[in-house]
Protein chains: 2
Amino acid sequence: MTKPTLLLLFLATHLPAQTKQLIDLLITGGTAVTMNPARDIQENAAVAIQGDTILAIGPQTELTKRYQPKQTIDAEGKLILPGLINGHTHVPMTLLRGLHDDVTLHDWLYKYIFPAEAKNVTEDFVRWGTRLAAAEQIRGGVTTFADMYYFENAVAEETKAAGMRGVLGETWIDFPAPDNKTEAEMSAYTEKFLKRWQGDPLIQAAVAPHSIYTCSQKTLQDAAALARKYHAPILIHTAEMKKELDDSLKQNGMSPVQYLDKIGILGPDVISAHCIFVDDADRKTLAQRQVGCVHNPSSNMMLASGVSPVAEMRAAGIAVGLGTDGPAGSNNDLDLMEEMDLTAKLAKISKMDPLAMNAKAVVEMATIEGARAVHLEKEIGSLEPGKKADLILIDLDKPNAVPIYDIYAALAYALKGSDVRTVIIGGKVVMRDRKLLTINEPEVLAKAREYKTSIAKSLDMH
Amino acid sequence: MTKPTLLLLFLATHLPAQTKQLIDLLITGGTAVTMNPARDIQENAAVAIQGDTILAIGPQTELTKRYQPKQTIDAEGKLILPGLINGHTHVPMTLLRGLHDDVTLHDWLYKYIFPAEAKNVTEDFVRWGTRLAAAEQIRGGVTTFADMYYFENAVAEETKAAGMRGVLGETWIDFPAPDNKTEAEMSAYTEKFLKRWQGDPLIQAAVAPHSIYTCSQKTLQDAAALARKYHAPILIHTAEMKKELDDSLKQNGMSPVQYLDKIGILGPDVISAHCIFVDDADRKTLAQRQVGCVHNPSSNMMLASGVSPVAEMRAAGIAVGLGTDGPAGSNNDLDLMEEMDLTAKLAKISKMDPLAMNAKAVVEMATIEGARAVHLEKEIGSLEPGKKADLILIDLDKPNAVPIYDIYAALAYALKGSDVRTVIIGGKVVMRDRKLLTINEPEVLAKAREYKTSIAKSLDMH
């Protein structure tokens, strides 16, 4: 080596700290699965984080020269991924996890879930259920979730306390809900809720008219109008049941999607869950209106609802994300990596075609396409400078992770939620080496077990 | 309390050790999901183990009075289950995990797997692949697996070294295999293999004629005759592809099952993997011949092979177990708890009936029915005195495990392989608190990564 080269090398490795830019956090040495538009996978990468934002992503050797981090996390031998996005769930229902599975949807709803909710759902229930769900989701690499439930302001407070990102919709439904008994009450509660969270960096308050089969046209339109007044997203179950389709054809003379479009609900602020019974024309409408759709394979299989035409929706240009649905009777967990695996396998078997859906597609649906589906693609879903620093480190030191011929295949089919080692949301480390830092887990588990005892008693179970 | 009562109490709790029976191991304080004929679930249970056998199972308070254990494992707050049984796999293929997924079965076999195997499968490959698979399976609660591959004697040696139980079949196939190039070689290798393992407490050497579409009638019959000479099980892929059915109808004038029956293969020593294309008459035959069948939902979905009529097979009285199949391109892991979840969900969605299969059924298939399917129901599959001490402890201190309204539902739908905490096989602790005690895991992972590099090179991948 020449002397000038040696001098440059010396300078490069010994530059005094003050000439480097001081930053909050540097993740070093992992394989970054960026999910950026080029779908770059960078080995020996580093991610520089300042505040809640990704400042830079690039070769570790470069970034360590450029930045002086207050905190460093070593990702050597691990994958660095954008945080996973659970596009549809009902988090407080974790407290009803596994309450009467293996029954028909009708019995499940009318014999078990609605009575259980009527007797047990309080603001306190919602808080503990949300904490339990946050613990489970963080452990499984979920950093953002879209929720529909009651007392959604309490869901928002607990989501923020857990350091998670949420698109959280207060439910509107045409029967007395556990929180609000009339539309006037729903409207007042929701407006206060929307105002309260405006501008919050983690929480997007939203309005969630439940579905066309539980809401009148007026309820749907009033809910949408209120949402739009505050530029809030609209969350709705869409074409999730055969009966919903049949009834809509009979009552409205058109499919659920066409009906929602006709009455002015659909738009680029809508997140439609399930979308099972959507034909060609419906898919064209959903694409034109830029509705985000969320596929829930576990739930659709467990309730035998049907198979959503995911590949066709994607081909039509619709953003399709993945969701777990609620964890009671229709899943029973909040494991988004399992939904990735199921999405590919369900598509293949239902079309009898092993090429129907590939591993990369389902990783997209859990990350960048999921972000598009919940209309947050400018903020999250990929590792790119300027985006929120929501990222997860995945351990590759387990037998199921070895060997890896293709990273997307490993993520889709072999890696598990339990392989997620460290989770960062908005630049804040919320799980480190599988230790939750924002949730008192033993307390949450104990309280959930207490709730189980009282809920079982209220339903005369033993 | 009266004085005599107090005296009795004192005696009961202070009996000198020598009046208690000395035993090797006592598991105390868990909830035992026995899978015995009454399907008893015992809370605050204990399991007494002597040598490789379960001596007693009952209330902890009683067993602690009766036995003086050399070693105790505290299962307080955990589930105690019979070890899970993986009824069909090809363990060395872990080294090919994820090698070209999302392709057609034909391309996968002929472009990737067969060339990869021809170039790479040696006895050394088989040893390291088996070690990797043993590590993964123990971590996921599998204590027994049924395998079909090449160099099966090496599989057996490594399985025994890992302390696992195996029904291990040397493959017979009508083309030059990586180990044996002719039927004479296959026969000689297999006979030596069968002799070598006779009477082994963990290993059941078996013969595995691959399938009717890769073996002539003579190969099938010779393999079966050799197996029966040594009272060894016969493992075979059965009715796993539509093409196999169509070809059999054309060439043999009957279905694969009827053909196998006609040529004398079927019997109470046969383990048939997949069984997708089995009609009413086939199911009757399989039941009459007491063939064990193994359902592989992940593989069948991923390769889009079809949906096995599991409920109908069970209704016909057939023992149906669960298998992962090989971990390359057709799964890609060895996670039997995932197969339980998939079995129920696939049955529900494929029949559009949420009652098609319940949680208890899939837990049975992973334990006692799986034992029946591999013809080891007298030895394993349930927690009963006299059976082998193959059992697993499952942690309930994770968010996904809380709350539990129904233990079978939790096992089928919410608990994960990673929740398995401790694994005991034949009385020997092989994993304790997620630490593998019989396998040098870092060495195995490193070697598997090395193999990946050379395999990728041999296939001109990068």
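The values are calculated or read from the model by the stated rules, or taken from the named source; none is laboratory data. Remember, predicted model here, so these are calculated numbers, not experimental data. Reconstructed Cβ throughout: ideal geometry from the backbone, glycine too, with neighbour counts over all protein chains shown. Keep in mind that these areas ignore ligands, DNA and RNA; they rest on the heavy atoms of the full protein, side chains included. Shrake-Rupley method; radii C 1.70, N 1.55, O 1.52, S 1.80 Å.
Table for the structure above
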| item | result |
| --- | --- |
| Straight-distance crosslink candidates among aspartates and glutamates, where the alpha carbon sits under 15 Å from A:K70 and sequence neighbours closer than 8 are dropped | A:D24, A:D52 |
| Cut-off 12 Å between beta-carbons: net charge of the residues surrounding A:N36, Lys and Arg +1, Asp and Glu -1 | -2 |
| Label-point separation, B:I41 to B:D124 (7 Å along Cα→Cβ), nm | 5.0 |
| Over region A:321-462, relative contact order from alpha-carbon pairs under 8 Å, at least 6 apart, % | 18 |
| Rounded percent of accessible protein surface that carbon and sulfur make up, the protein assembly as shown, 1.4 Å probe | 53 |
| Calculated FRET value between A:M461 and A:F114, using beta carbons and R₀ = 25 Å, to 0.05 | 0.95 |
| Per residue accessible area in Å² of region B:323-462, where ligands, DNA and RNA are left out and the probe is 1.4 Å | 31 |
| Alpha-carbon gyration tensor eigenvalues x 5, square-rooted, for chain B, Å | 39, 24, 22 |
| Total accessible area lost when A and B pair, probe 1.4 Å, Å² to nearest 100 | 5100 |
| Distances in nm from B:Q68 to the matching label points in the other copies, shortest first (labels 7 Å along Cα to Cβ) | 6.8 |
| For A:A281, label point 7 Å along C-beta direction: distances to other copies, nm | 4.7 |
| Magnitude of the charge dipole, chain B, Cβ model with Lys/Arg +1 and Asp/Glu -1, debye to 20 | 1000 |
| Solvent exposure of region A:73-156 as accessible area per residue, Å², 1.4 Å probe | 24 |
| Residues A:N440 and B:E185, FRET efficiency given R0 of 56 Å [Cβ-Cβ distance, rounded to 0.05] | 0.30 |
| For region B:224-320: accessible area per residue (Å², 1.4 Å) | 35 |
| Ellipsoid semi-axes in whole angstrom, largest first, where each is sqrt(5λ) of the Cα gyration tensor of region B:30-157 | 41, 16, 11 |
| Potential lengthening between B:T453 and B:A315 on full extension [0.36 nm per residue; Cα-Cα distance subtracted] | 44.9 nm |
| Interface residues in region B:385-405 - accessible area drops by 50 Å² or more relative to the isolated chain, probe 1.4 Å | B:P399, B:V402, B:P403, B:Y405 |
| Ratio of the Cα radius of gyration of region B:156-220 to 2.2 N^0.38 Å, where N counts its residues | 1.18 |
| Those aspartates and glutamates that a straight Cα-Cα span of less than 12 Å connects to A:K284, excepting residues fewer than 8 apart in one chain | A:D261, A:E312 |
| Members of region A:95-113 that become less accessible by 30 Å² or more once partner protein chains are added (1.4 angstrom probe, chain alone as reference) | A:R97, A:D102, A:T104 |
| Ranked packing of B:278-286, A:325-333, B:113-121, B:303-311, most packed first, by mean Cβ within 10 Å | A:325-333, B:303-311, B:278-286, B:113-121 |
| Those residues of region A:312-347 whose amide nitrogen sits under 11 Å from the label point placed on A:Y213, 7 Å along Cα→Cβ | none |
| Cα-based Rg and Dmax for region A:191-242, where Dmax is the largest Cα-Cα distance (Å) | 12.1, 39 |
| Radius of gyration and maximum dimension Dmax of the protein assembly as shown, Cα, Å | 28.4, 97 |
| Cα-projected label distance for B:E62 with B:K284, points at 7 Å along beta-carbon direction, nm | 4.6 |
| Region A:226-343: relative contact order as a whole-number percent, Cα under 8 Å and 6+ apart | 22 |
| Only Lys, Arg (+1) and Asp, Glu (-1) charged, at Cβ; region A:354-462 dipole about Cα centre in debye | 280 |
| Axis-nearest residue of A (beta carbon) for the A-onto-B rotation, whole Å | A:S418, 2 |
| Relative contact order (%) - chain A, alpha-carbon pairs under 8 angstrom, separation at least six | 20 |
| Over 27 Å between alpha carbons, listed pairs B:K360/B:K435; A:K351/B:K218; A:K398/B:K160; A:K452/B:K378; A:K262/B:K351; A:K345/B:K243 | B:K360/B:K435; A:K351/B:K218; A:K452/B:K378; A:K262/B:K351 |
